[in-house]
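The values are calculated or read from the model by the stated rules, or taken from the named source; none is laboratory data. Just so it is clear, the structure is predicted and the values come from calculations on it, not from any experiment. Cβ: placed from backbone, ideal geometry, glycine included. Neighbour counts: every protein chain shown.
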Amino acid sequence: MEADQLPTKPGPYYWRKSDEDEWTRVFNVRLSNSIGLCVDEGFYHESVEHRGGQWLPIPTADELVKLQATKKMVDEGQDAFMAFDKHGRVRHLGDVRDYAKLVGRTWQELAEEGYTCELVTIIKEEK
C-alpha cells in the first residue's frame, strides 16, 4: 500500500497529515459498508476519507516474519520458488505449498489450473 492511499482493510495503521508530520498510531480502522472509520479507545471518529492524509498499515506478527524471511533471501542471494498464475503474473515468492495453503488449495489443483513454479535467485540491486 502506498502511504497516500486510504485504508482498504480493517486493522491498526500509522497516519500523518503530510510528509512534514510525524507518524501517529491510529488505534484501529473499521470498515462499515465500505466506509472506513477511525477508532481510538473504542470511540468512533471521522471517516478515513474525511481525515485524508497518509496511511500505512501496521503488519501483523505473521506478516513481519514473512517480510524478514524475504529480506533475508534478498540479502543472502538465496534461491527461492516463484509461483505464477496462468497469465504469467507473480503470485508468491517462497515455498509454493505455503501459497497453496493460503488460498485453501493444493499445489496440484493450482497446477491443473495453469499455475507454474520456477526456481529463481533473489539478488539485491546495488544503487
Among the residues in the stretch 50-58, are any in a helix (DSSP H, G or I) and either of a type outside the set (Ser, Thr, Tyr) or at pLDDT 75 or above (or both)? yes
Condition set free of Cβ contacts under 8 Å to residues at least 24 places away in the same chain, out of contact with any helix residue (DSSP H, G or I) (no Cβ under 8 Å at 6 or more places or on another chain) and loosely packed, with under 13 Cβ neighbours inside 10 Å, scope the stretch 100-113, selection farthest from residue 71 (Cα to Cα): answer is 112
Just to be sure I understand the filter: pairs with C-beta atoms under 7 Å, separated by 6 or more residues or on different chains, first member in the stretch 88-99 and part of a strand (DSSP E or B), second member among the β-branched types (Val, Ile, Thr). Which pairs pass? 93/70
